[in-house]
Every structure is written in structure tokens, then in C-alpha cells.
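Peer 1: Here's a structure for you.
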Amino acid sequence: MTRKAITANNLPSAGPYSHAVESGGLVFLSGQTPLDPATGKLVEGDIKKQTIQCFNNLKTVLKEAGLTLENVIKVNVFLTDMNDFSAMNEIYKTMFSSPYPARSTVEVSALPLGAKIEIELIAEKRK
């Protein structure tokens, strides 16, 4: 197995991981929390603002890989409160078009730095 690391230099990392790894025509993006790249701090605000920032960060990593949200085939969403599902979903549905990627959404007890949401993606490099 070969894997090529993809790093978005202007995004902060909260640990020893690659922003994404390419292998076998797929690009696996690490989960992004709503960190503001300019400050390195969590975006203040409701779940909608945090969801938008997660997607902004993910789009930055996708761009570094030469991809867009159109290449995404699977999304995993982690919420600290499932009561935020509808509000998150309002933002989510504006990010993709039909046919939508496959998706899982789970509630977790906590996320790094007190984030309310984390999103990870799998994208496909099309030939």
C-alpha cells in the first residue's frame, strides 16, 4: 500500500496526522473541526456557524488535493448533541447536490477543543 500525504499549510492541526491521505484513487480527509485558520481558535457561535467553518476547512484540504466537494463520495459527521442535527443538515444540504454522498451522522460525548461538530470526508479522484 502506498499513501501520499496531503497537507494544507494554512490549516491548524490538533495532533500528529495528515490533513488527507491519497491511496488507490481515493482521498481520505481527516476530520475537521471548526477552527479558524487565521486565529487557530474555535469559531464561536451556533452549530450552523461551526458547520460552515468545518466545510470551509474541508474545502481547503480538497483544493490542495486538486478536488472539490463534487468528488466526495462519503461523509461522516460527528455531533456532540443530536438536537443540532436539523440545523447542521440545513447547512449540509447547501454544500452538495443530488445525488448526495453517502453519510453517517453520530453523536459523540466530546470533540477536541470543545467543538460541537467534526466532519470527515472520502473523495474520489476521477480520471
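The values are calculated or read from the model by the stated rules, or taken from the named source; none is laboratory data. It should be emphasised that the depicted structure is a prediction, and the values quoted were computed from it without experimental measurement. Here Cβ is always computed from backbone atoms with ideal geometry, including for glycine, and neighbour counts include all displayed protein chains.
Peer 1: Can you name the residue in region 30-52 that is in contact with a Lys or Arg (Cβ under 8 Å, 6 or more places away or on another chain) and in a helix (DSSP H, G or I) and, of all such residues, is nearest to Met88 (Cα to Cα)?
Peer 2: My answer is Ile47.
Peer 1: To continue, here is another question. Name the pairs: first residue in region 71-87 and touching a residue at least 12 places away in the same chain (Cβ under 8 Å), second residue among the small types (Gly, Ala, Ser) and surrounded by 12 or more Cβ atoms within 10 Å (Cβ to Cβ), Cβ to Cβ under 8 Å, at least 6 apart or on different chains?
Peer 2: These pairs meet every condition: Asn71/Ala123; Val72/Ala123; Ile73/Ala123; Asn76/Gly31; Phe78/Gly31; Thr80/Ala115.
Peer 1: Another question about this same structure. Going by the structure shown, is Thr39 free of Cβ contacts under 8 Å to residues at least 24 places away in the same chain, β-branched (Val, Ile, Thr) and touching a Ser or Thr at 6+ places or on another chain (Cβ under 8 Å)?
Peer 2: no
Peer 1: Considering only residues that are assigned to a loop (DSSP other than H, G, I, E, B) and surrounded by fewer than 17 Cβ atoms within 10 Å (Cβ to Cβ), look in region 19-29 and name the one that is farthest from the chain's Cα centre (by Cα).
Peer 2: Checked region 19-29; the qualifying residue farthest from the chain's Cα centre (by Cα) is Gly24.
Conditions (1) surrounded by 15 or more Cβ atoms within 10 Å (Cβ to Cβ); (2) at pLDDT below 95; (3) of a type in the set (Gly, Ala, Ser), marked per residue:
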| position | (1), (2), (3) |
| --- | --- |
| Thr2 | no, yes, no |
| Asn9 | no, yes, no |
| Tyr17 | no, yes, no |
| Gly31 | yes, no, yes |
| Gly40 | no, yes, yes |
| Gly45 | no, yes, yes |
| Ile52 | yes, no, no |
| Asn56 | yes, no, no |
| Ser86 | no, no, yes |
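Peer 1: Looking only at region 53-70, how many residues end up being of a type in the set (D, E, K, R) and either in a loop (DSSP other than H, G, I, E, B) or within 21 Å of Lys116 (Cβ to Cβ) (or both)?
Peer 2: The number of residues fulfilling the criteria is 1.
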